[in-house]
Amino acid sequence: MIWNTNLRWRLPIVCLLLEVALIALFGVFVRYEMDADPHWLEEKVIKNLSTDLENEFYYRYPSFQDVHVMIFVGFGFLMTFLQRYGYSSVGFNFLLAAFGIQWALLMQGWLQSFDGRYILVNLENLINADFCVGSVCVAFGAVLGKVSPVQLLIMTLFQVTLFSINEYILLNLLEVKDSGGSMTIHAFGAYFGLTVAWILYRPNLHHSKERQSSTYYSDLFAMIGTLFLWMYWPSFNSAISNHGDAQHRAVINTYCSLAACVLTSVALSSALHRKGKLDMVHIQNATLAGGVGLGTVAELMVLPFGSLIIGFICGIVSTLGFVYLTPFLESRLRIQDTCGVHNLHGIPGIIGGIAGAVTASIANIDLYGEEGLAYAFGIERSKLNWSPNTQGRFQAAGLFVSLAMALVGGIIVGVILRLPFWGQAPDENCFEDAVYWEIPREPKSTALHSEDSSIKPPEP
Amino acid sequence: MIWNTNLRWRLPIVCLLLEVALIALFGVFVRYEMDADPHWLEEKVIKNLSTDLENEFYYRYPSFQDVHVMIFVGFGFLMTFLQRYGYSSVGFNFLLAAFGIQWALLMQGWLQSFDGRYILVNLENLINADFCVGSVCVAFGAVLGKVSPVQLLIMTLFQVTLFSINEYILLNLLEVKDSGGSMTIHAFGAYFGLTVAWILYRPNLHHSKERQSSTYYSDLFAMIGTLFLWMYWPSFNSAISNHGDAQHRAVINTYCSLAACVLTSVALSSALHRKGKLDMVHIQNATLAGGVGLGTVAELMVLPFGSLIIGFICGIVSTLGFVYLTPFLESRLRIQDTCGVHNLHGIPGIIGGIAGAVTASIANIDLYGEEGLAYAFGIERSKLNWSPNTQGRFQAAGLFVSLAMALVGGIIVGVILRLPFWGQAPDENCFEDAVYWEIPREPKSTALHSEDSSIKPPEP
Amino acid sequence: MIWNTNLRWRLPIVCLLLEVALIALFGVFVRYEMDADPHWLEEKVIKNLSTDLENEFYYRYPSFQDVHVMIFVGFGFLMTFLQRYGYSSVGFNFLLAAFGIQWALLMQGWLQSFDGRYILVNLENLINADFCVGSVCVAFGAVLGKVSPVQLLIMTLFQVTLFSINEYILLNLLEVKDSGGSMTIHAFGAYFGLTVAWILYRPNLHHSKERQSSTYYSDLFAMIGTLFLWMYWPSFNSAISNHGDAQHRAVINTYCSLAACVLTSVALSSALHRKGKLDMVHIQNATLAGGVGLGTVAELMVLPFGSLIIGFICGIVSTLGFVYLTPFLESRLRIQDTCGVHNLHGIPGIIGGIAGAVTASIANIDLYGEEGLAYAFGIERSKLNWSPNTQGRFQAAGLFVSLAMALVGGIIVGVILRLPFWGQAPDENCFEDAVYWEIPREPKSTALHSEDSSIKPPEP
């Protein structure tokens, strides 16, 4: 079958239609929340706020910018490890995230910030939109190199919608804790993406096998992504935590977990190589699993050594996954997981969800204090029958709901994306920028730096 | 004509003289503003401040660091797209910005923070100095590859001076709103740089045509610059906004505008290529136009959908500019705009200025509240005859003043830079790092990674 | 002698043992400080705090994240300049820093945050752990390319221990000011690393001479490190300063010093090249010396022009060091300083220490105000006999203690690292990633971008 990868009219029309629709919906529905509205001056008087610093902006702005960097530079560059797919990795990630955050502002807004007439947005909405898109970036990792930008926009459209519904069920109906999104972002995103990849199975992908590896420099570019994700993960897991000690604790826990995870990733990477050499794939990915695994419990009383243990386990499991599970998934289950998101986001996301259920079910007044417990789990008068045990069960239920939503949603979206007119490339042209990008001609490398021959020496 | 590009004495002498002069002037004029002075402890008592957080530092520090990254990594790496000019792009940008911020602290200080005896600096001065240098970085983009570092230092000296005067006229005399600098930074910087490029026209630049393109990796380096500019632009547009809701609103608006701009840039880039392929030049540059276009209105009540519309338009206009206008400027008007700053900063800056005039002229108490309106536009008792209409006209006047200053200043500076002894390279050696940099010899690429041949295997 | 560089069991066992020990020690000793504990809600009532913002978190979080970026991306990428050692530079830096921060939390915790039963950690501990590791990263620069990851972990174990003791002597016993760590971090780290490099002298290192240079792209990667270090240095020097004016002043001073340093580095780099060309090594390193030199005095009343003078001097001295001193150290003193840390951290650290002694000894009430002076130097009732003069002498003593600790510690650690079973590479295989890393095969470069030949054109 000959597929047409010329996107000349399909991509522009999809982009422009989506953006026009977004503008219309924003015009009808989106306004500023009070903290971002000029009437805040009056609000300050009413609420008797003594200082401008009480504006939500100052609690969350540094975290917001860090999360923003993770989505665009972190995920974007992490995927540049492929030798001929750097433009697409960083460029398509840019495109889908830019579309996704707008659509997420609407979807999450209708479900969570709707006052009956308007969606009222503030900085927390922007963070949540970035979070939602993070889940799409995870799924992108599973299908990287095998889909067209049109397919990605469609996948984003559906995934953001499903994410928002799933998030609503977990946070508003089941009232689970998931501040760093082990379940809502990582497990959901990974299994959604893997299901899509399964539906889009490409039997002849070995024809583009040589392009599925990295080069020396492409691996260094990927390390930019890895490090910005790793460094800013404490901001990710604390960005929407409760003010004060909860935000503070989420940072400490994530910092500890990630540090431990680096050591076990390195240990396993070396131990699993016959000459004891390290593999960049593990260093780029498994080192981050500790952040994923801590996403649910970040602000809970897991204690620093509990965080270390979670990071310890995630680093080991994730590296083992890259070595043994990814080949198994591809050969036996026909799931082609380009970036190994199953190892970085899937299993660690599940570990995170389980850790959350366990940690919640052993919460007690000794650890949290009476007020602290009530505040941490949002126990109000209407929830008098709350107990750590029920919280633990609801946490576990949240994990199952996320996985179920991911599988069902992934199948539906995968089937839609299988339609043959989205501009996807044939198997032998996967992982190739030149399909969708104008590529510069390689300069004659002999000329590049031989200073004396190419420059006419103008000095006297 | 044979030009001497050996800078051995010219560059060191210029650098050292400038720095000695700066030290002398700082010694005479610059002191800490009260918020950065140990006497602040007493000030706290006098002003009855309850907390150290009321120090201006905590309102602006995160934004400051983001802006700082934009100037040095953002602009620096954005210009590394040229295949043989990466060192100069990032290195000369570093040099001119480091000089420029010091000179800007003095120039802006004399005009805006002078207490009769001393310039009192605090974090806001550092942000404004970075802003001022941002305008020089824009102009650098127009002349990139065609000027020596000595010329750049001279250009910076004059441009910072003119920028500060123009800024003073706009902010202090016309009292316009321009928190993100659509007019003062972007339009001024772009048309100043384009005028200089016009005066410095090089008729034989086609001799270095091959070096004006990119390579695969140079384009990825440039994407680092693009993304850090894009991600931190909300900080740029809100960095010196009023505390509280204004800063908050500027972030939301800029975030929206930039997101919309990505979709229309991609749409147009694909639509304008005969095979529908994307062009990295557009993704690197046009996606940022939405931030420029929102610079004047960022903190005004443009509403989220208004921001989307501005981003929508800027992405389209900017991409069209790269495809049609830049070649036209070069062939007909003899303006060689290396980075296409006209498309990224020039036209979007004008759009921003116009959007500011329109938004200001429809401001009303319904939108802002009475107090909010007074605070947003700084209406005090002395300005009882203020009306949205006059504000709108003053905004428009500010745009014209900026353009006029840019053109006149650009001509004067261009003529000075035409003098033949600044170490500029001949046309055939433009866009070439080896003229000013010690370049490493390229390693024999065969040896690079063939592990087994080059390493003596010490394992038993 | 044939050395075995196969780390298959050594590296995993060391990593896992260290991590298990850390988890056990964290379990016994580490708990959250009150600001990160759920009981903070009760603390707020007791301390009569009106707002969550009084949580230490909000004072220090932006600075913390910036410092974190400096350690992992800053130092990591700064060292990628070597043509075949990019993976190791960024990867081993990642490993040693991840281990180091955990060990530093314990060591610094026992000495400074121990309440008799537990180490109570908050964000300041995380920053201090990053600082401590910064000193290890400095030492890593001296031995870069010549040690195995096992050696690095052992070096980190000892250096963190010694650092913490030295820091305790300086800050708690001598009560010196050193907020940006000119003495404790930079001078200590540099001379420790140089001593280790001296003990590990490799007589046949010229066999890997060709790999000690850079390539065009490796130098651009290194500039990422340089710029993030340079931009975030104001955060580094102010991260643990007193709240309010001190933090504010430390930022202004560091910003000024770094800007001046760029101009003199460029000036000297050009002046010392026979054709006046710039050397990337100087731009990557000497431009940062101004931040090191300001580390001790950052929050003191050195005034903006004093900061400029320190930056001015550091840029000159550092560049001279690269040109004249590094070759001298190698040929005469048999100290092979791979990254030239002596020029970037050693001498500027000493300059910083001296500047601190001088600045402290001329402190007076005119400059600081009575309250300001007491607050800046922590003068309490028990220190009634405090005088600027004694403070100055103690500052000088602190510098000597740091240097002595570095030399003695470096000799001991160096001797341990000389043992032949740590997996170090022979001299001819130094500076080579392939010893410890799985390296991708280089793609046939002809195929890389010739769009038409490698892609089967599917368009009709």
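List of remarks:
- Between helix B:388-417 and chain B there is an angle of about 30 degrees, using the helix long axis and the longest principal axis of the Cα atoms.
- Sum of side-chain charges, B:D337 neighbourhood, beta-carbon under 14 Å (Lys, Arg +1; Asp, Glu -1): +3
- 3J(HN,Hα) from dihedral phi, the stretch B:72-80, Karplus parametrisation 6.51/-1.76/1.60, rounded to Hz, x for glycine, proline: 8, 8, x, 5, x, 7, 3, 8, 6
- Exceeding the 21 Å Cα-Cα cut-off - candidates A:K277/C:K146; B:K209/C:K275; A:K275/C:K146; B:K146/C:K275: B:K209/C:K275
- Placing R0 at 30 angstrom, the Cβ-Cβ distance between B:V20 and B:V408 gives a FRET efficiency of 0.50 after rounding to 0.05.
- Using the Karplus relation 6.51 cos²θ - 1.76 cosθ + 1.60 with θ = phi - 60°, the per-residue 3J(HN,Hα) values for the stretch A:152-160 come to 5, 5, 5, 4, 4, 3, 6, 5, 4 Hz, with x marking Gly and Pro.
- Degrees separating the helix B:56-69 axis from the principal Cα axis of chain B, which is the longest one: 20
- Amide H within-cut-off set for B:L278, under 5 Å, with H built and near neighbours excluded: A:W437, A:E438
- Under Stokes-Einstein, with the Kirkwood radius over Cα pairs as Rh, the value for the stretch C:156-208 at 10 °C and 1.306 mPa s is 126 µm²/s.
- Estimated dipole of the protein assembly as shown in Debye, rounded to 20 [Cβ of Lys and Arg +1, of Asp and Glu -1, Cα centre]: 3580
- Residue of chain C with the smallest Cβ distance to the axis mapping C onto A, distance rounded to whole Å: C:P62, 3.
- Ranking C:I252, C:I169 from most to least accessible surface, computed with a 1.4 Å probe over the protein chains only, gives C:I169, C:I252.
- Expected 222 nm ellipticity per residue - DSSP helices of 4 or more, -39500 (n - 2.57), all of chain A, to 500: -19500 deg cm²/dmol
- When +1 charges are put on Lys and Arg Cβ atoms and -1 charges on Asp and Glu Cβ atoms, the dipole computed for the stretch A:326-384 relative to its Cα centre reaches about 320 debye.
- Compactness of the stretch C:10-435, expressed as Rg and Dmax over alpha-carbon positions, Å: 21.2, 69
- Each Lys and Arg Cβ is given +1 and each Asp and Glu Cβ -1; about its Cα centre, the stretch A:10-435 then shows a dipole of about 1440 debye.
- Using a simple spin-label model with pseudo-atoms 7 Å out from Cα toward Cβ, A:F400 and C:L49 lie 4.0 nm apart.
- Separation between Cα centres of the stretch B:213-240 and the stretch C:340-364, rounded to whole Å: 36
- The 3J(HN,Hα) values that the Karplus relation (6.51, -1.76, 1.60; θ = phi - 60°) gives for the stretch C:34-48 are, in residue order, 3, 5, 10, 10, x, 5, 4, 4, 6, 4, 4, 5, 4, 7, 6 Hz. Gly and Pro appear as x.
- Chain lengthening between A:Q112 and A:R332 when straightened (0.36 nm per residue, less Cα-Cα): 75.1 nm
- Top positive-direction residue, dipole computed over chain C with Cβ charges, set C:A104, C:V435, C:I347: C:V435
- The stretch B:136-203-the stretch B:264-318 distance, computed between alpha-carbon centres (Å): 23
- The residue list B:L171, C:G311, C:G74 was ranked by how far each Cα lies along the charge dipole of the protein assembly as shown toward its positive end, using unit charges on Cβ atoms, and C:G74 comes out on top.
- Ordered by 1.4 Å accessible area with all protein chains kept, A:W40, B:W9, B:W3 run largest first as B:W9, B:W3, A:W40.
- Between helix C:245-271 and chain C: long-axis angle, C-alpha atoms, 0 to 90°, nearest 10: 40
- For A:I165, inter-copy label distances in nm, listed shortest first [label point 7 Å out on the Cα-Cβ vector]: 6.4, 6.4
- Theoretical FRET efficiency, 1/(1+(r/R0)^6), r = Cβ-Cβ of A:D366 and C:V28, R0 22 Å, to 0.05: 0.75
- Spatial separation of Cα centroids for the stretch A:372-445 and the stretch C:1-77, in angstrom: 29
- For C:V28, the distances from its label point to the matching points in the remaining copies are 6.5, 6.5 nm, ordered from shortest, with each point set 7 Å beyond Cα toward Cβ.
- Overall Cα dimensions of the stretch B:170-325, principal axis frame, Å, largest first: 52, 36, 25
- Trypsin sites (Lys or Arg not before Pro) within the stretch B:18-125, DSSP loop, no more than 16 other Cβ atoms inside 10 Å: B:R117
- Amide H contacts of B:I119 (H built 1.01 Å from N, under 5 Å, at least 5 apart or other chain): B:V30, B:R31
- By accessible area, using a 1.4 Å probe on protein heavy atoms only, the stretch C:10-435 has 64% of its surface on carbon and sulfur.
- Near A:A104: Cβ cut-off under 14 Å, other residues only, Lys/Arg at +1 and Asp/Glu at -1. The net charge is -3.
- Shortest first, A:I365 label-point distances to identical copies amount to 5.5, 5.5 nm, with the label point at 7 Å from Cα along Cα→Cβ.
- Virtual spin-label span in nm between A:E210 and B:Y201, 7 Å along Cα→Cβ: 4.9
- Lys/Arg +1, Asp/Glu -1 at C-beta; the stretch B:10-435 dipole; positive extreme among B:T359, B:C137, B:L325: B:L325
- Global form of the protein assembly as shown, assessed from the alpha-carbon gyration tensor, a/c cut-off 1.5: rounded
The values are calculated or read from the model by the stated rules, or taken from the named source; none is laboratory data. Since this is a predicted model, take the numbers as computed values, not measurements. Note: ideal-geometry Cβ built from the backbone for every residue, glycine included; neighbour counts use all protein chains shown. Protein only, heavy atoms only, side chains kept; ligands, DNA and RNA dropped before computing areas. Shrake-Rupley method; radii C 1.70, N 1.55, O 1.52, S 1.80 Å.
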